[in-house]
1. Mind checking which pairs have a first residue in the stretch 152-172 that is farther than 24 Å from Arg133 by Cβ and a second that is hydroxyl-bearing (Ser, Thr, Tyr) and open to solvent by 10 Å² or more (accessible area, probe 1.4 Å), Cβ under 7 Å, 6 or more apart or different chains?
2. Can you report the number of residues in the stretch 18-35 which are without any contact (Cβ under 8 Å) to a residue 12 or more places away in the chain and charged (D, E, K, R)?
3. May I ask you to list the residues in the stretch 23-75 that are of a type in the set (Phe, Trp, Tyr) and within 22 Å of Ile236 (Cα to Cα)?
4. Out of the residues in the stretch 116-130 that are more than 10 Å from ligand 1 (Cβ to nearest atom) and in contact with a strand residue (DSSP E or B) (Cβ under 7 Å, 6 or more places away or on another chain), which is nearest to His329 (Cα to Cα)?
5. Output yes when any residue across the stretch 129-144 is in a loop (DSSP other than H, G, I, E, B), among the basic types (Lys, Arg) and at pLDDT 95 or above, and no when none is.
6. Within the stretch 66-75, does at least one residue satisfy the condition of being within 16 Å of ligand 1 (Cβ to nearest atom), more than 19 Å from the chain's Cα centre (by Cα) and in contact (Cβ under 8 Å) with a residue 40 or more places away in the chain?
7. Would you call Lys318 open to solvent by 30 Å² or more (accessible area, probe 1.4 Å) and modelled with pLDDT under 95?
8. Going by the structure shown, is His290 in contact with a strand residue (DSSP E or B) (Cβ under 6 Å, 6 or more places away or on another chain) and either under 22 Å from Thr199 (Cβ atoms) or modelled with pLDDT of 95 or more (or both)?
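The values are calculated or read from the model by the stated rules, or taken from the named source; none is laboratory data. Quick caveat, the model's predicted, so the values are computed rather than measured. All Cβ positions, glycine included, derive from the backbone under ideal geometry; neighbour counts span all protein chains shown. These area figures cover heavy atoms from the full protein model, side chains too; ligands, DNA and RNA do not enter into them. Shrake-Rupley method; radii C 1.70, N 1.55, O 1.52, S 1.80 Å.
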Amino acid sequence: MNPIFTISAQNHSHSAQPWQQALANAIRSPETLLAALELSTEQLPPIFNGGDKFPLRVPHSFVSRMKKGDPNDPLLRQVLPLDEENNFTRGYLSDPVGDLAASEAPGLLHKYHGRALMITTGACAIHCRYCFRRHFPYHQQNAAANEWDAALSHLNQDKSINEVILSGGDPLALSDQRLATLLEQLTQIPHLTRLRIHTRLPVVIPSRITDALIAMIANCRLTPVIVIHANHANEINNELHTALKRLQAIPNITLLNQSVLLRGINDNHEALIALSEALFASGVLPYYLHLLDKAQGTAHFDVPITQAVKLLNGIHAKLPGYLVPRLAHEEAGAQGKTLITITPSHKENENINDTI
Ligand SMILES: *Cc1c(COP(=O)(O)O)cnc(C)c1O
Ligand code: SF4
């Protein structure tokens, strides 16, 4: 076996890892963030601290990929709380995707055939302002803190489930030790064949890809799929590229990305094409481009569906099919994500040449 997959003694120590320090040192105030970027509040729409329930939170590594002095930086705009979040918008809900209704056991969402999603922790490395889980009652739905038992027993009982999806919050916010314990329990469920991890942590803090994590996934009986979450090519710097290449060395791994289509951040052809190209260069295929889930406080990020379809048509005309993400959104009660189909027309293609 490749030496990269052997866990060294030092990774078993309980002292904080560099990624855990980066998590602890994350920026938590708009003043600190703007100072780091040499911006003043006058250059921005009115902002606030994000509130007690979902305060501003962004690690320095992610901030280092923002452009200094640019109030419209696409990474900054994903994390900076604007006063607009406090506007009430009709039609925006606290649980837009019907997750509470799909909860089969504390911390387990079983909405779709064959796949069950486990909420392993409520914690995230970064607070994305567009997040639909911002209102989620994690204290009731959190499978963490010795409460994995109910979720595990549901997984054990339902033989139709062959894929477990670790989600959150962010499952990689758990320590390697806790993940190892969870994987150990999951591998004992005979009908499980795949392990999927939905995580933004490698993007936000690339040093989260520790040797111990790689070894754990490589040595696990379940076939691994890791779905990262990047919305803009600027998120993919050298450090993340290197981390992704290390993940790619795990036998049989599939690396995918999901994004959210966000107004002012990636709602143009150039940005979406650059993202797909950058992902591919790091060994990751685009999987989903989600329409915004209409959670209260996120309306200023919304891109109308007609514009979304135009954008997808546009990138379809410019990229190989495998670099075009599936445009999807989630509807409460549906049997899977709703896919929005695209059919590029000659007319549309001509228009695109004008806009790129
Ligand atoms: C998105 C989602 C999945 C996975 O759906 P895929 O189409 O397989 O990616 C599974 N469970 C829940 C609750 C989801 O929201
Ligand atoms: S990392 Fe994911 S779950 Fe956490 S705030 Fe961002 S979008 Fe939401």
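1. Asn162/Thr193
2. Initial filter on the stretch 18-35 (without any contact (Cβ under 8 Å) to a residue 12 or more places away in the chain): 21, 24, 31-32, 34-35.
Those left that are additionally charged (D, E, K, R): 31.
Residues that pass the stated criteria total 1.
3. Kept after step one, since they are of a type in the set (Phe, Trp, Tyr), are these residues of the stretch 23-75: 48, 54, 62.
Selection gives Phe62 alone.
4. Just the residues of the stretch 116-130 that are more than 10 Å from ligand 1 (Cβ to nearest atom), to begin with: 120-130.
Now drop any that are not in contact with a strand residue (DSSP E or B) (Cβ under 7 Å, 6 or more places away or on another chain), which leaves 120, 126, 130.
Details: Thr120: 23, Ile126: 22, Tyr130: 14 Å.
This residue is Tyr130.
5. Taking the stretch 129-144 and keeping what is in a loop (DSSP other than H, G, I, E, B), we get 129-131, 136-137, 142-144.
Of the ones still in play, those that are also among the basic types (Lys, Arg) are 129.
From the residues that got through so far, the ones that are at pLDDT 95 or above too are 129.
Yes, some residue in the stretch 129-144 is in a loop (DSSP other than H, G, I, E, B), among the basic types (Lys, Arg) and at pLDDT 95 or above.
6. In the first step, residues of the stretch 66-75 are kept if they are within 16 Å of ligand 1 (Cβ to nearest atom); the result is none.
Looking for residues that are within 16 Å of ligand 1 (Cβ to nearest atom), more than 19 Å from the chain's Cα centre (by Cα) and in contact (Cβ under 8 Å) with a residue 40 or more places away in the chain, one finds none in the stretch 66-75, hence no.
7. Numbers: open to solvent by 30 Å² or more (accessible area, probe 1.4 Å): yes; modelled with pLDDT under 95: no.
Judged against the criteria, Lys318 is not a match.
8. Working: in contact with a strand residue (DSSP E or B) (Cβ under 6 Å, 6 or more places away or on another chain): yes; either under 22 Å from Thr199 (Cβ atoms) or modelled with pLDDT of 95 or more (or both): yes.
For His290, the condition - in contact with a strand residue (DSSP E or B) (Cβ under 6 Å, 6 or more places away or on another chain) and either under 22 Å from Thr199 (Cβ atoms) or modelled with pLDDT of 95 or more (or both) - is met.
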